[in-house]
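See below for the structure under consideration.
The values are calculated or read from the model by the stated rules, or taken from the named source; none is laboratory data. Because the structure is predicted, anything quoted here is derived from the model rather than measured. Neighbour counts run over all protein chains shown; Cβ positions are idealised from the backbone, glycine included. The protein model used for the area step is the full one, side chains on, heavy atoms only, and it has no ligands, DNA or RNA in it. Shrake-Rupley method; radii C 1.70, N 1.55, O 1.52, S 1.80 Å.
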Amino acid sequence: MPEGSRLLMERARGLMPGGVSSPARSFRAVAVEPIVAARAQGSHLWDADGRQYIDYLLAFGPLILGHAHPQVVAAVQEAAARGTAYGLTHELEVELASLIREALPSLELVRFVNSGTEATMSALRLARAYTGRHKVVKFEGCYHGHADGLLARAGSGVATLGLPDSPGVPPSYAAETIVLPYNDLAALSRAFDQQGEQIAAVIVEPVAANMGVVPPEPGFLEGLRQVTQRYGVLLVFDEVVTGFRLCYGGAQTVYGVVPDLTCLGKVIGGGLPVGAYGGRRDVMEMVAPLGPVYQAGTLAGNPLAMAAGVATLRLLREEGAYRRLEELSARLESGLAATLAELGVPGTVQRVGSLLTLFFVSGPVRDYASARGADTGRFARFFAAMLEQGVLLPPSQFEAWFLSLAHSQEDVEATLAAARRALAGL
Ligand code: PMP
């Protein structure tokens with residue numbers, strides 16, 4: 001018999017802060033006892049009590065093929081047998097870099113790191129070095145990992161736990177971050193009028209996914225591109241979520257706006273720890289050993305992670321992959337929206353590709369302020385009712401649901417039936 005979620009969680013809490021290695025896993029925002037994972041396959045996850053769930057948490061985004069895809073598992077096993085780390089360049093790493101550049105030509109040179117946090121942190125160090133300026137613009141509700149200075153009004157777990165910033169970040173450092181509302185070009189213009197000459201970079205989630213899913217309004221990304229160009233500021237797209245999630249490429253492919261630097265993570269690692277940053281050759285040539293900007297990693301470009309990434313991208317490149325994801329996701333969106341309307345529950349479903357959020361607030365959500373208007377108590381009850389029926393959602397109103405190619409039409413129909421019962425009982 002497995003020890004069971006409750007007992008394992010009790011042990012975990014005695015050993016790790018909150019019993020977790022990352023805060024959202026504590027389910028604190030939904031006031032539900034967290035489940036403990038035992039195994040996962042395809043669109044399903046089983047907890048330590050043997051209960052089965054249709055999984056839309058999907059490890060917060062990397063598993064676009066679903067859990068334990070046989071070709072990804074085989075690639076990782078094969079790589080492991082040939083050595084788990086070298087401290088040297090190797091073929092799978094070159095192959096993944098080449099697949100990335102082919103799909104995202106703006107990454108003329110790419111550097112692998114171990115997480116999205118490292119990617120954004122390193123990209124901003126590079127932007128500061130390149131421009132000789134210190135300030136960085138970010139947008140309210142966008143999350144770019146937990147590096148000092150980027151935790152200013154970040155979404156994701158920071159939004160969920162209601163922490164405005166984090167203690168431990170020196171105020172002098174946080175003061176280098178200018179926080180502006182998402183989708184608001186007028187506010188951007190004002191900030192640039194006042195401080196444009198001091199700004200090194202604008203970093204943005206080109207589709208926001210960490211205050212729930214909030215698409216860029218027409219003209220927003222183009223406006224960012226124009227203003228940054230005018231002031232000699234680098235535009236950094238944080239495509240850690242959107243890279244290879246929206247299409248075989250990124251949000252930059254979908255919206256046709258080309259950034260100077262791009263951060264990647266999640267999907268390009270196929271479920272293993274990977275991040276990457278890359279972009280314009282003249283900027284990337286400042287990274288050591290070509291240039292003076294130091295950034296390194298013992299396990300960066302790890303062969304197991306590269307193998308999972310290569311296997312994942314090769315499968316995504318196959319004809320029809322993103323069309324199938326789009327069809328499934330559109331069905332989930334329209335089914336949820338119809339049920340909300342029919343039951344008269346105030347809510348909005350926002351979706352871009354296979355990223356989706358059901359906001360418990362009427363009307364479109366276009367920025368952090370409107371996202372914060374959502375009824376988080378109602379989301380918590382909905383989450384609990386879905387979990388009870390075997391559907392695992394991300395445990396926060398402010399996270400995206402992720403679909404995968406392993407999700408079936410039956411999964412989506414079962415989810416819609418569960419959602420109908422959950423919403424009727426709220
Ligand atoms: N950027 C974005 C847009 C993210 O969503 C995340 C993580 N959810 C990160 C950066 C940080 O990535 P990691 O958790 O791998 O450090």
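For the chain, with all protein chains in place and a probe radius of 1.4 Å, 54% of the accessible heavy-atom surface sits on carbon or sulfur. For the options Gln252, Gln409, Gln194, a Gaussian network treatment of the chain with springs between C-alpha atoms closer than 10 Å singles out Gln194 as fluctuating the most. Dividing the mean sequence gap of close Cα pairs (under 8 Å, 6+ apart) by how many residues region 70-316 holds gives a relative contact order of 31 percent.
Here the chain has an Rg and Dmax of 20.9, 65 Å, counting Cα atoms alone.
Based on Cα contacts under 8 Å between residues 6+ apart, region 373-426 shows a relative contact order of 42 percent.
Per residue, region 70-316 exposes 39 Å² of solvent-accessible protein surface, assessed with a 1.4 angstrom probe and all protein chains in place.
Model label sites at His134 and Val94, defined 7 Å from Cα along the beta-carbon direction, differ in position by 4.3 nm.
If I take R0 = 22 Å and measure r between the Cβ atoms of Ala31 and Leu343 in this structure, what FRET efficiency does the formula 1/(1 + (r/R0)^6) give, to the nearest 0.05?
So, using R0 = 22 Å, E works out to roughly 0.45.
In the chain, what % of DSSP beta bridges are antiparallel (nearest 5)? DSSP beta bridges in the chain are roughly 60 percent antiparallel.
Note on the chain: GNM, Cα springs under 10 Å; of Gly168, Gly278, Gly116, the largest mean-square fluctuation is that of Gly168. About its Cα centre, the dipole of the chain is roughly 440 debye, where the only charges are +1 on Lys and Arg Cβ and -1 on Asp and Glu Cβ. Potential lengthening of the chain between Glu413 and Ala74 amounts to 119.0 nm, from the contour at 0.36 nm per residue minus the alpha-carbon distance. Each Lys and Arg adds +1 at its Cβ and each Asp and Glu adds -1 at its Cβ; summed about the Cα centre, region 70-316 shows a dipole of about 80 debye. Extending 7 Å from the Cα toward the beta-carbon at both Leu185 and Arg421 defines two label points whose distance is 4.8 nm.
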